[in-house]
Amino acid sequence: MENRETLPSPEKEKLTTLMSLDGHIFPVEEAVIVELRAIRRLLPAAGDATIPISQVTGQILAKIIDYCRKHNDHKLNRLRDEEISAWDRHFVDVDEELLFDLLVASHFLEVKDLFYLTVTTVTDTMKTKSPAQVGNMDQLRNLFISNFRLD
Amino acid sequence: MKKMKGHWFANDDIPMNILSRLSTKTLHLFKSVSKDWLNLISDRSFISLQLKRSEPVSGFYFQEVFQWTDDEYVDQCISYINVGVERVNVWCNVLDFLPDNVVVLSLNNGLLCCRTSFPNSHPMIYVCNPLNKQWRSLMWPNNIAKDCSIALAFDPFRDPIDVSTDFKLVAVSRIEEGYKQILVEEDEEEEEEEEYSFFFDIYSSKTRSWRRSKECCKCNHELTKNRGVLADGILYWLVGHGYGILMFDLQNELSWLIPGPLPSAEFTCTPEMCIGESQDKLCYVIISEHGMQLWILEDQFAPKWDLKFHASLDELEGENIAVLYNLEEKIRSRLSRDVIPWMDPLSFKDGVVLLRVSAAVYLYEFGTRRRMKKLCDVSTLGPKAMFSPIVVPYTMSLVPVEQA
């Protein structure tokens with residue numbers, strides 16, 4: 001009979017716990033934390049405590065963690081360039097509200113590549129619109145307003 | 001707007017980040033989305049952030065200038081040939097927002113410099129941005145001849161526009177300085193040859209005044225087309241029928257002449273050339289019996305020219321058989337400058353050259369697509385468009401120009 005005991009790993013992988021705005025808990029590995037540059041900076045001070053991400057909901061945080069994992073796979077050559085490009089295209093093929101939520105969250109968490117991806121997706125949409133249509137993009141308008149209010 | 005300034009223009013501002021990635025053309029259109037957008041797109045810090053070195057060539061300004069007599073010029077309409085779009089358009093009356101009829105002088109980074117056409121009791125110079133239709137005027141300086149060549153030097157990458165739009169103008173005057181005795185061998189007679197020098201007058205938008213530079217350049221040749229190409233802080237002019245280049249380094253106020261890549265002795269028939277800028281370097285396009293060549297000035301001091309592109313006449317004909325039929329014969333038949341060239345490179349920027357071939361105007365892109373694209377017939381550009389027109393390449397920018 002096969003020995004079903006798992007082999008002991010030389011060192012236990014360090015997991016950091018993140019908590020979203022609405023209380024969802026996400027244990028994430030080092031490779032993901034590296035991508036969330038804003039969080040990475042907090043790490044030494046945070047120690048083993050759960051890090052609250054007060055600006056991002058569970059749904060969005062889950063998607064961003066997913067993005068980081070997939071891109072880490074790509075970095076480790078587990079995915080080809082065409083595969084990650086196709087995955088990215090599918091990832092941003094969402095409704096406007098979700099796209100902007102991802103945009104703002106990736107900016108906040110400083111996930112550079114994802115921020116760039118969402119921004120270019122938004123600008124690509126804008127290029128095909130008239131000024132009137134752009135004016136009707138509620139999500140975009142909200143961004144301007146919220147920037148104004150933070151003053 | 002001033003109240004919000006501290007917050008709006010943090011480098012990681014999201015709206016700025018998004019908008020600065022849009023093309024200049026799109027942004028200009030989006031000024032009408034809302035007041036917030038108009039304020040943001042018109043703001044200097046935003047414009048400074050959005051300015052791209054790689055702004056594509058949108059088109060070419062084309063103007064025929066016909067001289068009736070020494071004193072009177074009749075200036076025809078200014079055409080704008082739009083190249084950035086699928087369907088090419090030729091627009092007329094594009095500078096009608098200016099108070100006078102004008103003659104185009106020079107253009108860099110979206111700003112155009114022109115002068116009032118003759119005759120005019122109050123000769124002026126205008127510096128304008130054709131996109132936002134803002135302009136600034138100054139009087140034509142008294143000590144400079146009215147037909148003098150003036151070049152604009154506006155580089156927002158060296159001189160940021162965050163606070164104000166600064167530029168310089170350089171007027172080049174050709175002045176006779178005396179005579180030189182020369183010996184004509186056969187007759188052993190002494191002959192007098194006039195000696196000329198180029199003098200430079202510089203206008204600074206900061207000081208709002210002109211001054212004559214101490215630097216001058218001895219040169220017996222005249223300026224030809226493409227007056228004042230700016231590359232990396234240096235202005236260049238074609239001289240001596242296109243075989244030489246006059247340069248003026250603005251920062252150090254130094255001027256000198258350099259020979260072009262090929263001397264006239266290399267040719268049995270008369271070639272035609274033009275200069276332009278690409279990636280902060282001076283480029284030289286020449287069409288001759290050797291084919292079409294693109295040379296880049298790598299070192300102004302040596303001087304060192306690099307041949308970046310070369311296509312023989314046969315290759316060119318092969319790629320564009322309908323247009324360039326019997327090309328070699330046509331090029332070789334031009335034996336003197338008095339004959340109008342069948343194929344004439346008019347203006348160059350960033351890898352594209354505007355060419356006149358027979359009675360039509362074409363765009364040729366070096367490197368990418370080898371087929372020439374027909375833009376329009378020369379007749380669309382005016383009755384005298386075959387004769388030494390003024391042609392300048394245009395790249396858009398949102399740069400504001402305040403009234404002085």
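No lab work stands behind these numbers, since they all come straight from the coordinates. Keep in mind that what you see is a predicted model, and the values were worked out from it rather than measured. Virtual Cβ from ideal backbone geometry, glycine too; neighbours counted across all protein chains shown.
Taking other C-beta atoms within 10 angstrom as a stand-in for reagent exposure, B:Thr268, A:Thr121 fall in the order B:Thr268, A:Thr121, fewest first. Rank A:Ser54, A:Ser20, A:Ser106 by mean-square fluctuation in a GNM of chain A with C-alpha springs under 10 angstrom and give only the top-ranked residue. Its mean-square fluctuation being the largest, the pick is A:Ser54. Pairwise Cα separations in region B:111-169 fall into 5 Å bins from 0 onward with the following percentages, short to long: 4, 15, 27, 24, 15, 9, 5, 1.
Peptide B:28-34 has a mean of 5 when you count, residue by residue, the C-beta atoms of other protein chains within 10 Å of its C-beta. Over the protein assembly as shown, DSSP H runs of length four or greater, each weighted -39,500 (n - 2.57), average out per residue to a 222 nm ellipticity of -7000 deg cm²/dmol.
Bridgeable lysines around B:Lys52 (alpha carbons under 16 Å apart, same-chain partners fewer than 8 residues away excluded): B:Lys25, B:Lys349. Across A:Ile84, A:Ile65, A:Ile51, mean-square fluctuation computed from a Gaussian network of chain A (C-alpha pairs under 10 Å connected) peaks at A:Ile84. Its Cα gyration tensor gives the protein assembly as shown an equivalent ellipsoid. The semi-axes, each the square root of 5 times an eigenvalue, are 56, 28, 23 Å from largest down. Starting from the Cα of B:Lys374, step 7 Å along the direction of its Cβ; do the same at B:Leu38; then give the gap between the two resulting points in nm. In this crude label model, B:Lys374 to B:Leu38 measures out at 4.3 nm. By the rule of a C-alpha distance below 19 Å, with chain neighbours fewer than 8 residues away ignored, the aspartates and glutamates paired with B:Lys218 are B:Glu176, B:Glu177, B:Glu192, B:Glu193, B:Glu194, B:Glu195, B:Asp201, B:Asp249, B:Glu253.
Where the alpha-carbon atoms of region B:89-194 are placed on the principal axes, they occupy 63, 35, 34 Å, in descending order.
Where the centroid of each part is defined by its Cα atoms, how far is region B:109-131 from region B:349-371 in Å? Between the Cα centre of region B:109-131 and that of region B:349-371, the gap is 28 Å. With 29 Å as the limit, the listed pairs B:Lys180/B:Lys330; B:Lys214/B:Lys281; B:Lys308/B:Lys373; A:Lys112/B:Lys281; B:Lys133/B:Lys225 have B:Lys180/B:Lys330; A:Lys112/B:Lys281 beyond it between alpha carbons.
Stokes-Einstein at 37 °C, 0.692 mPa s, Kirkwood radius from Cα pairs: D for region B:148-303 in µm² s⁻¹? The diffusion coefficient I find is 191 µm²/s. Semi-axis lengths, largest first, of the ellipsoid equivalent to chain B are 36, 27, 20 Å, with √(5λ) applied to each eigenvalue of the Cα gyration tensor. Name the shape class, rounded, prolate or oblate, that the alpha-carbon gyration tensor gives for region B:258-319, where a ≥ b ≥ c are the square roots of its eigenvalues, rounded holds for a/c under 1.5, and otherwise prolate holds if a/b is larger than b/c and oblate otherwise. Oblate. When chain A is treated as a GNM with alpha-carbon contacts under 10 Å, the residue of A:Gly47, A:Gly58, A:Gly23 showing the greatest mean-square fluctuation is A:Gly47.
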